[in-house]
Amino acid sequence: MKINHYYHVKCPEGVVSKKFKLIVFDKHRKPFLPLTVFYKEALGRISDSSAESYLKTLYPFFTWLHKGSNYQGKTVKWNDETHIIRVAIEDFLMNEAHCKIATSDSKTYYNVKLTNKSPNTVSRFLSALKSFYKIIIHVKMYPYPNPLIDAQAILDEYQTQIEGVREGKPRMPKEAGTEEPFPQRARRLTDSFFKVINGEWKPQIIDDPHLPFMIYKAGQDSKWKLRDEIITRMLFQTGARAREVIELTFGDYRARYDKGEFATFNKGSDGKRTKFLKVDNDTLKLLDRYIHGERKKVDRIRLKLNDIPDETPIFLNQYGSPYTYDAFLKNWLIIMEKAEIKINIHKTRHWFVTRSIRMIREEYKDKTEQAKAIERLRIYMNWSPKADTMKVYEHYVDEKDYVAEQHDILLERMKKEQEEYLNQLKSRKRVKQPSVEPRNKVVQMPEKQHELIDFINELNS
C-alpha cells in the first residue's frame, strides 16, 4: 500500500477561521501553502466535499513528485516550467496510473488510454490538477501557462470551424465540422493537454428493489437517530443528492407543505430553490415526530414552530448546530457495515433512477410514451442532454409532470415492496440472511439508455 506524504487538518468545529478552513501539510509536517490556497479558492467554485475530494486525488501525485519524478536528473517541483510539469504528469500516468500515452496526430496534446490496471480516478485526477493550476495561476503563485491546457488545440479547432462555414444553408451537425460555432459554445472546445479517450463514465445500475429496506433494517438494528432515518428515506424516495436533503430548511418545507413536497436547491443553481422533492406520508409523519421531539431537545433557540425563520436548517447535530454531509457520512458508513453492504451515499440516486426507468418500461408499452417519460425523468434529475446526440426539445415537460404521472406510482410500489421484504424476514426468521452481493450487482447500462440519460459524475465517495 502506497503512503501519501500529504494530508490535511480541518479547523475544529466551533472555531471561526479568518483565512483557512483547512490546512494541508507536507511530509515534514509543515503547512503546504499551494494546496492549502487551492482548497480555499476552490470553495467559491465547488462544494466543500468536492474540494476535499480534489485534494485527496492530488496527494498521490504531489507525493510522487518528490519521491519518483525525474527531469534531466533533477526532481520535479510543482512550480517548474510548463513543459517540465507535463513530462512529470506523463511519467506519473504511465508508471503510477498504468496508462498508455499516445501523441495525437496534431502533436499538440496527448491521448491517455486507460488499462485494466488504471484506477478509475484518472479523469478526476486530471480535472483536479487542471483546476489546481488554474487557481494557482489566478492567485499569481505560478508564473507559467497551465500545463493541463492546450491552447493551440483550441485555436486550431476554432479556426477549422470558422473556415467551414456554409452561408445561406441549414446548420450541419457538429461532427461535419463545417459550421461556425455559436459564441456561447466556444467554451465547449476541448482544451485539455491530456485527453482520456477511453475513460467515458457509464452509469451503473443497482436494481435490488429491497435495497432501501435492507438499509432501514440495518439502521434500526444500529439504533440510528430518527434524523438519519428520515434523511435516508428521503434519499431513496426522491433521488436527490445528499446535500439537497441534509441542508433543507423550514422555508423549504413550508413552501410545498400542502403538496407533501420540499423545495430545494439544485446542482449549479447557486442556492436558488429550483427543485421539488416528494416523499410519502410515512416519512412526513417521521419528520413531524423529529421536529417536535429529537430536534426540539437539541435546539438552543427553542422557538415555537411558526416562529422559526425560513432559513433555519431542519436537521441539527447533537450540539444544536446544522447537520453536515460529513457527519451524516460517518453514520452512513456505520449502517453499511451493519448491513454488510458496500455502497456509497450517491448510489441511492442511481437506485432511484434504475427503479424509475424499470417502472417506466412496465407502465408505458408505447415506445414514444416511454421516451417522453424518460425525458421527464431526465429533467427532474437535472441532467444535461448530450450535446452531440440529444435533440433539442421545443417544449420541456417540467418536473411537476413527472411527480404527477410517475412519482406517486413509484412511492406506492416502494411501500408494497417494503411490506414484501418485511414478510420475507418473518418467514425466514431463523435462517441466516443470504449475501446481498448478487442482488446488488452493478452492471453497465445499455447504450440506448445511456444516450437518453447523462449522469453528472460525482462518484468519488
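Every number in this text was worked out from the coordinates using simple rules, so none of it is lab data. Every value quoted in this text rests on a predicted model; they were computed, and no experiment measured them. Every residue, glycine as well, gets a Cβ built from its backbone with ideal geometry; the counts of neighbours run over all protein chains shown.
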Quiz item: Can you give the Rg and Dmax of region 271-350 based on its C-alpha atoms, in angstrom?
Solution: 15.0, 43
Exercise. Highest first, please rank the peptides 126-135, 229-238 by the mean number of other Cβ atoms sitting within 10 Å of their residues.
Key: 229-238, 126-135
Quiz item: If you find the alpha carbon centre of region 24-49 and of region 71-128, how far apart are they in angstrom?
Solution: 22
Exercise. Express in nm, to one decimal, how much length is gained between ASN79 and LYS67 on full extension, taking 0.36 nm for each residue of separation and deducting their alpha carbon distance.
Key: 2.7 nm
Quiz item: If we restrict to alpha carbons, what Rg and Dmax does region 7-149 come to, in Å?
Solution: 15.8, 55
Self-check item: Burial order of peptide ranges 54-62, 325-333, 363-371 (average beta-carbon count within 10 Å, highest first)
Solution: 54-62, 325-333, 363-371
Quiz item: Which ³J(HN,Hα) values, rounded to whole Hz and listed in residue order, are derived for region 65-72 from phi using the Karplus coefficients 6.51, -1.76 and 1.60 in 6.51 cos²θ - 1.76 cosθ + 1.60 with θ = phi - 60°, glycine and proline given as x?
Solution: 3, 8, 9, x, 6, 7, 9, 6
Exercise. First measure r as the distance between the Cβ atoms of SER47 and LYS21, then evaluate 1/(1 + (r/R0)^6) with R0 = 22 Å and state the FRET efficiency to the nearest 0.05.
Key: 0.95
